[in-house]
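Reading through the structure tokens given below for one structure.
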Amino acid sequence: MQLFELPPGADPSYVGSVHKALIESGDLRPLFRRRPRGPVNSVGQWVWTNDDLLDLEYHVRLSALPSPGRVRELLELVSRLHGSLLDRHRPLWESHLIEGLQGGRFAVYTKVHHALLDGVSALRLMREALSEDSAERDMPPPWASAPRTDATGRRADGDPLAGLVSAARALRDVVGLGPAVVKYLNQAFAEQAATLPFEAPRSMFNVPITGARRFAAQGWPLDRIRAVGEAADCTVNDVMLAMCAGALREYMGELGALPDKPLVAAVPISLRPEGTSSGATPSG
């Protein structure tokens, strides 16, 4: 979720006009046209196929906050949006423009399936869509791009063999992950930092859950987080995980629900070999 200030002199219809301009542009990069296709004629693998009838108005939506338009109302709306599954029959992404926020602001909430785009690549695309020059307001959205073509000038995403190629890439990538996984596990066990699955103690969290989600936000100065990381010789991610763990422990302690054994959390990590670019184009 991103917060933006309205430009000086913007009228009440500003966000609506931005939304209209976004959905009128049919210029999408192939990545955002991809949707999953079942394992039919694809060697048993799910593969990416292209949605040539993509309805941009479905993926880019306009919402308005109820009065008084506080951050509280914004987080309640985003919680509802976050709790709904992405439609598996369409490309796995949505972007919501949200107007009516107090303080002359509006918000953009974007949801993308991790199979389509990882965090590093998503941040790169969002950064490319923004400008530090407040006078430059004609920046393309993250999903906009010229159609990709091959050496003959034909659209590369129109290749009828794309499904088989995607399946082959999937198999290649799965095989290639082997050494990276083994290296990670060996390192984890050597440092006695790994806890096997199913060893987590019973707690208030490891119970059946529904699809409902709660979106909350809190901010800290990034310079302060980086300073802590430098002092402790660790990364920003390490600092954030430690902050989350400390807050969780305090919360459970206040409720008298702190288990005797440590909790176990799953944290996504990159298994790309060193030196491999984290491109925005998924394979498989």
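Take every Cα-Cα distance within the stretch 1-153, group them into 5 Å bins from 0 onward, and report for each bin the whole-number percent of pairs it holds.
Bin by bin from 0 Å, the calculated values are 2, 8, 16, 19, 20, 16, 9, 5, 3, 2, 1, 0.
Which order results if LEU92, LEU255 are arranged by neighbouring Cβ count within 10 Å, fewest first?
LEU255, LEU92
In vacuum, with every alpha carbon of the stretch 218-261 counted as one equal point scatterer, what does the Debye formula give for log10 I(q)/I(0) at q = 0.14, 0.34 Å⁻¹? Two decimals, please.
Cα-only, vacuum Debye calculation for the stretch 218-261: -0.42, -1.15.
By how many nm would the segment from ASP133 to VAL120 grow when fully extended, if each residue of separation counts as 0.36 nm and the alpha-carbon distance is taken off?
2.4 nm
Determine the relative contact order of the stretch 2-147: mean sequence separation of Cα pairs under 8 Å and six or more apart, normalised by residue count, in whole percent.
It comes to 30 percent, rounded to a whole number.
Would you mind getting me the FRET efficiency between GLU230 and ASP52? Use the beta-carbon distance for r and R0 = 51 Å, nearest 0.05.
Using R0 = 51 Å, I get an efficiency of 0.55.
Kirkwood hydrodynamic radius for the stretch 53-107: how many Å is it when counted over pairs of different Cα atoms?
12.3
Ranking PHE32, PHE215, PHE205 by Cβ neighbours within 10 Å, fewest first, what do you get?
Placing the least packed residue first, the sequence is PHE205, PHE215, PHE32.
Taking the convex hull of the alpha carbon atoms in the stretch 57-146, what volume per residue do you get, in Å³?
129
Taking the DSSP beta bridges in the stretch 2-147 as the whole, what percent of them are antiparallel, to the nearest 5?
Close to 75 percent.
We did not get these values from a lab; they are worked out from the coordinates using the rules stated. Treat the numbers as computed from the prediction; the structure is a model and nothing was measured. All Cβ positions, glycine included, derive from the backbone under ideal geometry; neighbour counts span all protein chains shown.
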